[in-house]
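Quick notes on the structure that follows.
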Amino acid sequence: MVDLTTMKRDHFPQLITSLPQFTGPFDAFKLGANGCDVLFASYPAGTKVEPHDHPTENCGVITAGELILIVDGEEARYSVGQWYYLKPGQTHAARFEIETSEVEFWFDASGEPAV
């Protein structure tokens, strides 16, 4: 298992690192918005996220490193500046071969906070 407490966070501005910590299976700072949660996430090299789904509509942009996203058995690689999109309920998995950061948007159709 990867130790999230050792993840470098100095690439995020202090305004971001002062946000509340996300409570989930990865390291992130959470910015709540009406109907959307915004996560500033960091993943150490070697992180694997097992297949799962959630009721939110998600998109994100990679700010450092690379995301390997697996959807419907197909692997896609997203590097710095590239955006990805996931439909609500869409089963997906991810892995990070190198230290990676991203900004994730978790949209909820009900208008309630997504996470």
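The values are calculated or read from the model by the stated rules, or taken from the named source; none is laboratory data. Owing to the predicted nature of the structure, the values given are computational and were not obtained by experimental measurement. With ideal geometry, Cβ positions are generated from the backbone for all residues, glycine too; neighbour counts draw on all protein chains shown.
Here are the numbers for this structure:
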quantity: Subset of segment 64-81 (residues that are part of a loop (DSSP other than H, G, I, E, B) and closer than 20 Å to H11 by Cβ); calculated: G65, V80, G81
quantity: Residues (within 17 Å of P25 (Cβ to Cβ) and among the hydroxyl-bearing types (S, T, Y)) located in segment 65-99; calculated: T91
quantity: First in segment 57-73 and without any contact (Cβ under 8 Å) to a residue 24 or more places away in the chain, second anywhere and assigned to a strand (DSSP E or B), Cβ under 7 Å, 6 or more apart; calculated: V71/H92
quantity: Residue list for segment 60-77, restricted to those being surrounded by 17 or more Cβ atoms within 10 Å (Cβ to Cβ), within 14 Å of F105 (Cβ to Cβ) and not hydrophobic (A, V, I, L, M, F, W, C); calculated: G60
quantity: Qualifying residue in segment 72-80 (condition: polar (S, T, N, Q), within 22 Å of E99 (Cβ to Cβ) and modelled with pLDDT under 90); calculated: no
quantity: Selected residue (criterion: modelled with the lowest pLDDT) from residues of segment 1-59 that are assigned to a strand (DSSP E or B) and out of contact with any Phe, Trp or Tyr (no Cβ under 9 Å at 6 or more places or on another chain); calculated: G32
